[in-house]
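Everything below concerns the one structure shown next.
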Amino acid sequence: MGKHFGNLARVRHVITYSLSPFEQRAFPNVLSHGLPNVARRFTSQVLKVVPPLATGYLIYSWGTQEFERLKRKNAAGHEHEQ
């Protein structure tokens, strides 16, 4: 009754290799290679990322404070109304 989904085409000259999940090491060399690599990559990029973020934060906080200051009424301008 036709071919099943896994056998729809015949592929020749292709060799596939696989390793059982039970034979693999889940985290090989994490402590000896992984953590030093993370530290090296972090230190190489920190000077490219932190200054723009800090500048953006300072501009945002200044703008928020200025908006709140300008939103308040000036009491001296309304003394004649009482």
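Brief remarks on what is shown
- Segment 47-82 and segment 2-22 have their alpha-carbon centroids 64 Å apart.
- Estimated FRET transfer efficiency (Ser61, Ala39; beta-carbon r; R0 35 Å; 0.05): 0.70
- Protection-proxy order for peptides 34-43, 10-19, each taking the mean of Cβ atoms within 10 Å per residue, highest first: 34-43, 10-19
- Dipole axis of the chain (+1 Lys, Arg; -1 Asp, Glu on Cβ), positive-most option in Val30, Ala54, Ala76: Val30
- Given (1) 5.3; (2) 17.9; (3) 18.2, the label whose value is mean projected area of the Cα convex hull in nm² derived from this model: (3)
- What the phi angles of segment 9-20 give under the Karplus curve with 6.51, -1.76 and 1.60, with θ = phi - 60°, is a coupling list of 10, 9, 9, 10, 6, 10, 10, 10, 10, 9, 10, 4 Hz, glycine and proline written as x.
- Take the Cβ atoms of Leu19 and Val49, set R0 to 41 Å, and the FRET efficiency comes out at 0.65.
The numbers here are math on the coordinates, done by the rules we state, and not lab data. What you see is a predicted model; the values in this text were computed from it and never measured. Positions of Cβ are generated from backbone atoms using ideal geometry, with glycine treated the same way; all protein chains shown enter the neighbour counts.
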